[in-house]
Each structure stands twice: as C-alpha cells, then as structure tokens.
Amino acid sequence: MKLAYTVCGPETKADYLAYKGPLADMCASLHEIGYQGIELFVRDPREIDPGALGRHLEHYSLALAAIGTGPMFAEDQLRFTSTDERIRREAITRAKAAIDLASRFGAQVNVGKLRGDIARGDEGRSEFLRDQAFQEIGGYAEEQKVWITLEPQCRFAINNLKSTQEALVWLRTKQFPNLRLMLDVFHMNIEDKSIAASFIKAKDYNIHVHLADNQRGVPGTGNLNFPDMIRVLKALGYNRYLSMEIEQSPSCYEAAAKAYTYIQQLLNDD
C-alpha cells in the first residue's frame, strides 16, 4: 500500500481537510515526510496548469493519486441533482474537466458531495438526475481510461448513498461504466456496522481509501482500530493508496508527519 495526502488546488479558496499552500512547497514537504502521492482537491480543473503540476510531481517523486471534487460543491454549489440545468451542466462539465486532468497522470476522480442531495418529495427526479450524470461522466471516463470513484458519505454530509452497503447495491444495480468505490473510514465508522466487514464486502470495488480517526484527527489519536483495518486490507491484497483526509492541526506539516509515521509503522509490521 502507498500513502498519499490531500492538498488544496491553487484555485481553491476555502479551507479543507487538506494541506494548504503553494503547490511546490506542499510537494516538497510531503516528499520530505515520505509520502508517495497527493490527492488534489479542485474547484475548477480548467484553471489548473497541468504542466506545472507535472513538473512539481516529477521533481519531488510524487504521483497524483486522485482528484477530489468537493470544492466544486463547497465553493460553487455545483451538484448533479440540481434542478437548475445551468448548475447541473456546469457540475458535469467540471467533472469531465477533472477526468481530463486525471487522464494525464493516471489518476482517478472522486465524487462525494458533487452528486448532490436527493430532494424530499421529489426523490425519483433527483435520483434520475444523479444517475444520468454518472452515466454521462462514466462514459466519458471510459473513453479517457480514468476511474470514477463514488465516496459513500455519512448522514451529516449527504442524504444518499451513505453506507458502503447502500453504495454497493447501487453500483451493482446500475452498472455504470468506469465507476468504483473509495471508502472513507470516518464515514464508515458512522454508517457501517463494521469497517472490516465493509472492506471485505467491497473488495472488488474499492480502489482508494481515506484515513482519519473518529474525530477527523490524525490516525491513532482517537477511537478507531487502525491496526485491525490495516491487517484486513493486507489480507485482501489491497495495494492502492491510503490517503489522509484529516484536520490540519497543529499545522499542515505536523499533521501530515504524524499521520505518516503512525500508518507507515502499521504497514511495516508483519
């Protein structure tokens, strides 16, 4: 397994559960700590300079593990379920732009809140709009040879596809092209009966993992059983990225370093 860290794209404005600063400085720091990849949170991928991104990644021997689309919703309120066609089309357009960027680096694109909430009283229409968007971006991703990963998120973040089990049923039913899962243990701890059991059930679909303790802190500082999680993932043969999505306290560098040290030690243990 490889370790990655979430970072804010240069065009984002808000604070996220991610390293924030000049891209070159963030890459330098994460390389120094020992990380192998970054997960780039973007608001508008069309504003990202892929050449500069590639140069920083190459210089610091980092991979682009994934592109996160959360800022598209957080800053611009874009979502697939919007009944305003202008908003909905822009959400799909930016998702496709993220796919274009990801295709240059062999990365995946994660969709969490960008899918949008399901409207109470008009559930059928909301679900149709959401699913139609996934069909469209999935087909585009297939052409670009990029995986889309759906992130189940807890009830406090979104009102649909909240648990691993719910997401698995949806994926198997819809069979959208190039769509898989990324699992976030913070959300799993709230919605799933067992994190370990969910990893096992989702083993054929899960291609990316977010790590954070139960209070969104550095792994090992809360109540989650990370030794057990890592043992299960090892037993399943999971060999992809574990990406930290945590509170940046007391500083981005210190949070990244503490998280790396703790998880890398678990990976090193037999």
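So here's what we get for this one:
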read-out: Flag if ARG43 is assigned to a loop (DSSP other than H, G, I, E, B) and of a type in the set (D, E, K, R); value: yes
read-out: One residue from SER61, SER29, SER82 being assigned to a helix (DSSP H, G or I) and more than 18 Å from the chain's Cα centre (by Cα); value: SER29
read-out: Scope the range 109-127; condition touching a helix residue (DSSP H, G or I) at 6+ places or on another chain (Cβ under 8 Å) and assigned to a loop (DSSP other than H, G, I, E, B); matching residues; value: GLY112, GLY116, ASP117, ILE118, ALA119
read-out: Residues (out of contact with any His (no Cβ under 6 Å at 6 or more places or on another chain) and in a strand (DSSP E or B)) located in the range 174-233; value: LEU179, ARG180, LEU181, LEU183, ASN206, ILE207, HIS208, VAL209, HIS210, LEU211
read-out: Some residue of the range 40-61 being within 18 Å of PRO10 (Cα to Cα), of a type in the set (Val, Ile, Thr) and touching a Pro at 6+ places or on another chain (Cβ under 8 Å); value: yes
read-out: Criterion (among the small types (Gly, Ala, Ser) and in contact with an Asp or Glu (Cβ under 8 Å, 6 or more places away or on another chain)) met by exactly one of GLY237, GLY222; value: GLY222
read-out: Check on PRO50, of a type outside the set (A, V, I, L, M) and under 21 Å from CYS252 (Cβ atoms); value: no
read-out: Selection count where residues are surrounded by 18 or more Cβ atoms within 10 Å (Cβ to Cβ) and not β-branched (Val, Ile, Thr), scope the range 111-130; value: 8
read-out: Boolean, PRO219 is crowded, with 18+ Cβ neighbours inside 10 Å and either modelled with pLDDT of 95 or more or out of contact with any Ser or Thr (no Cβ under 9 Å at 6 or more places or on another chain) (or both); value: yes
read-out: Every residue from the range 234-270 that is charged (D, E, K, R) and part of a helix (DSSP H, G or I); value: LYS234, GLU254, LYS258
read-out: Every residue from the range 64-79 that is under 14 Å from the mean Cα position of the chain (by Cα) and assigned to a loop (DSSP other than H, G, I, E, B); value: THR69
read-out: Residue ID - surrounded by the most Cβ atoms within 10 Å (Cβ to Cβ), chosen from residues in the range 54-110 that are without any contact (Cβ under 8 Å) to a residue 40 or more places away in the chain and on the phi > 0 side of the Ramachandran plot; value: GLN77
read-out: Subset of the range 128-168 (residues that are closer than 20 Å to VAL209 by Cα, assigned to a loop (DSSP other than H, G, I, E, B) and of a type outside the set (D, E, K, R)); value: VAL146, TRP147, PRO152, GLN153, CYS154, PHE156, ALA157, ILE158, ASN160, LEU161, SER163
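The values are calculated or read from the model by the stated rules, or taken from the named source; none is laboratory data. Here the structure is a predicted model, which is why all the values come from computation and not from measurement. Virtual Cβ from ideal backbone geometry, glycine too; neighbours counted across all protein chains shown.
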